[in-house]
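As structure tokens, the structure follows; a few thoughts come after it.
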Amino acid sequence: MTGDTRNEPAAAAGPELVRVVRPGHPLHGLDLPVWGRLRLLGIQANSQGALLAEGTWYCPALPGPLITATTRLRDHAITRDLYDQQVAARRPCQLHRKDGPDADGYQRLSCPAAGKHPRLICPLRQASLSPRDGRAKVFQPPAEPPRICRQTAITIAPGIGARYRQDLPYASPAWHARYATLRNTIEGLNGYLKDPAHQAVAQPGRRRVRGIAAQSLFTALLLAAASIRKIRAWRALTAGDKTAIARRARRRRASLPSYRPDS
């Protein structure tokens, strides 16, 4: 799924996403939304010391410059190249998903410096101190280690930061690849739906009724009509032989008969 926090109703986004992550929901098993331009940057939520920064859970030792990277980019305080480097530097601090979400939406996350193969060197985790290789290091661990630093793993409730969570780290290469494809698709569909000669979704005067429920119903009917229009257009452009594989008919602005002299 993809979404835009500028247009998502604030009161409904969180609860609906909590329901999605539960088994039995029609969308269970899909990735959490790929949010577009975020309104709330930096730290969006916290739980037992874990920080939810721009949709992803990190350890509490995540450096401040990495937390504020997006804000400083939008303020033109840093370059795009430096921003990409700082986004990549967040990865070693990202929490491991150990288990879940379960039937109730709870999931278990563990410290990146814990386990047999830690990707972060932290003085609070003795097992992570060796070998001294090229892994990222924590230079300023919390003075009072929270639960994420003391336990093997913590349990995150489904409602904590539900509005902002996403499976792909924000602004990472994987995020850009997914978001670019989804946005191009949806923007093309938006233009198709807003065509004033057809569904004209952008013209509220065509739906003179009050209330979100009624507007949602009429919008759903317009979407269905647009889908039927797309299907009819596709069928009109495909070859006439329905026994073979349907291929789009070739469209040319001019052909040889167009240049023949009038008889």
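Every number in this text was worked out from the coordinates using simple rules, so none of it is lab data. As the structure is a computational prediction, the values presented were derived from the model and not from experiment. In this analysis, Cβ positions are derived from the backbone assuming ideal geometry, glycine residues included, and neighbour counts consider all displayed protein chains.
List of remarks:
- Relative to the Cα centre, the charge distribution of region 99-223, modelled as +1 at Lys and Arg Cβ and -1 at Asp and Glu Cβ, gives a dipole magnitude of about 220 debye.
- Amide H contacts of I121: A136, K137, V138, each under 5 Å away and 5 or more positions distant or on a separate chain (H built 1.01 Å from N in the peptide plane; Pro and chain starts excluded).
- Put simply, the amide H of A50, placed in the peptide plane, has neighbours under 5 Å in I148, leaving out anything fewer than 5 places away on its chain.
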